[in-house]
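Have a look at the structure below before the remarks.
The values are calculated or read from the model by the stated rules, or taken from the named source; none is laboratory data. This structure is a prediction, so every number in the text was calculated from the model and none was measured. Methodologically, a virtual Cβ is constructed for each residue, glycine included, from the backbone with ideal geometry; neighbour enumeration extends over all protein chains shown.
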Amino acid sequence: MPDSHGDDVYDHLRLPEAAPPIDVYDSLDIDAVTVGANVSRRGLTRPDSDEDRTRIIPRIEVTSPAVSAASAATGEGSLRRASIVMAAGTMVSRILGFVRTYLLTVIAAGTSLALDAFQAANTLPNVVFILLSAGVLNAILIPQITKAMKQPDGGQEFVDRLLTASFAAVLIVTIVATVASPWLLDLYFSSSGATRHLTVFFGFICMPQIFFYGLYAILGQVLNARNQFASFMWSPVLANIIQIAGLVWFLVQFGAHPDPATWTPEMVWVLAGTTTLGIVMQGLFLIIPLYRGGFRWRPRWGIRGYGLGAAARITVWTFTALVIAQLAGIIMKKMLSHVRLVHPEVSSSISAYDNAFLIFMLPQSFITTSILTALFPRMSRANADGNNSAMKKLLRQGLEMPALAIIPCSLAMVVLARPGVQTVFSLEPGQVGSLAGAVAIMGVGLLPFGITTLQQRYCFAREDGKLNLIMQTASTGTQLIILVTMFAFPPQYALLVVAAAQTLASLVGAAAWLAVASRQLGGIGMAEVNQLWMKLAAASIVAAIPTYVVAHGIDAAGHGTWVGHAGGTCVGGVLFIALFLAMAAVLHIDEVIDLLRPILRKVARR
């Protein structure tokens, strides 16, 4: 789902729910283009971790309970460390992404037509790449490289050929999409006159990003396979820094320009050029850690005769699901831009949706994506070994671990939406209500949205493209049914309808998949999972009520100033966390206490 997204390539290369906006820093929620196999020659003889050793020498059986417990603890620690490394990089990227988005709203004086034009052109490369990457990279590279590691040469020749074909495919798609960008943008974005001219100009400069998104995704798979998580999750920081520098330069040189008719070629090149340069450097940067780590890629052509027939069939299912998701996303964006074209006075625009989704994706990418990225290779290995017990345990982890933070974040997002959006974005008074409402409605769907991401990992790990297509069709169908009601409401409610469609589609998709997965695996322990969720929801609701009163009271006392908005958001956030942790102790939510215990020990020692 697809990203999909946001301001981080880094969170949207996913397919959920109709392809939310995908921006540089939400997109690679390819989420995790992880492979789960060490593709370096060095890794075959010198495993980097205990986990690698058990994978390379699978015939060693541990029967001692003490040793088994130690191995389990090591695995949990490895998962936690990997998640923390990725979460740290994602958090820094997200913070910089907010800075970047704020500067964009300053340049465009809010959610203007000029910002819509840029967002449409800058998002389209993500949409095009998602169709290629998630359909090919996730469905073929991850499971097939895992299998190739069992070959005598460790799969080196196979991996070389597979990467060569992947690079070539991305390059061809980039060239075709760049040439066809005016027609692709017309399908995606309703505009006319100066706005369309500006959109097409932006598109020609932004479309080459597709190749470097692909480079980032493919090399990131290899890095994650070698347990080198840091570079993959931190290189978006470099992209953000470059893009922020470009935005500052723009503001110094040209100031704010909300009217598309006032844009000059130099202005377009500064904004779109530095944005694309950030993506270029993000992809190229990953060559350094790969080379240092000993990985060498040799171009080899031809993949026939390497057992990819079954993988090709899976790709057809996956690609079809992606097309359905992206078409729904395109329809949604087209509807929003049509409302804005007919009613330019309303704030239900593409850029407003992108801003709402950026906030929504912060906990999703920081928490859920980081955990599922580390779980995915293990799920692939469990399936390859036919180990249903391990798969059940991993699914339980995927349902419980993110929920410890996602459920409280969901309630906090609802009660802090209004002061929060006014703190983060430069908005006109009339733009606040719809954006805050969209953030709150999306926040309700945080947990089910994350479950749909887990569903995709589950289907990819099991190489079950057909099930993934069925689940995507169910959620996308729900979303489209709700989206068509948009024109039954006044135009100012269009953005709220879009947000509700995303949340309800996530609920339908999550519920349907949980029922199917429970049946396939003979139960996954949903009674215990539901009990945990209910406790977390109860603690969050109790914390949310006084938080709403205090945060909005401080905001109102600030009389519309940024200090009042920021004070309400910060004080409310701290109060919410304190009340939630207190309720977690009262309700004996041991998982939350266990999560905090190592931190508390370190604080106590210091």
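Selection within the range 282-298: residues that are aliphatic (A, V, I, L, M) and surrounded by fewer than 17 Cβ atoms within 10 Å (Cβ to Cβ). The member of this set that is nearest to Leu198 (Cα to Cα) is Leu284. Restricting the range 569-606 to residues that are outside any helix (DSSP H, G or I) and hydrophobic (A, V, I, L, M, F, W, C), the residue that is modelled with the lowest pLDDT is Ile589. Scanning the range 466-521 for residues that are touching a Phe, Trp or Tyr at 6+ places or on another chain (Cβ under 6 Å) and under 18 Å from Leu395 (Cα atoms) returns Met471, Ser506. Evaluating Ile175 against the criteria (1) under 24 Å from the mean Cα position of the chain (by Cα); (2) modelled with pLDDT of 90 or more leaves one unmet condition, (1). Of all residues in the range 505-518, none satisfies being at pLDDT below 95, on the phi > 0 side of the Ramachandran plot and either not basic (Lys, Arg) or not assigned by the TED database to the domain that holds Lys466 (or both). Given the criteria modelled with pLDDT of 75 or more, not aliphatic (A, V, I, L, M) and not assigned by the TED database to the domain that holds Arg462, does Tyr291 qualify? When the stated conditions are applied, Tyr291 passes them. Quick one: is Ala325 modelled with pLDDT under 75 and assigned to a helix (DSSP H, G or I)? For Ala325, the condition - modelled with pLDDT under 75 and assigned to a helix (DSSP H, G or I) - is not met.
Taking Met442 as the residue in question, decide whether it is within 21 Å of the chain's Cα centre (by Cα) and in a helix (DSSP H, G or I).
So Met442 passes the test.
For the range 317-363, taking the residues that are in contact with a Gly (Cβ under 6 Å, 6 or more places away or on another chain) and more than 30 Å from Gly193 (Cβ to Cβ), the one that is surrounded by the most Cβ atoms within 10 Å (Cβ to Cβ) is identified as Met361.
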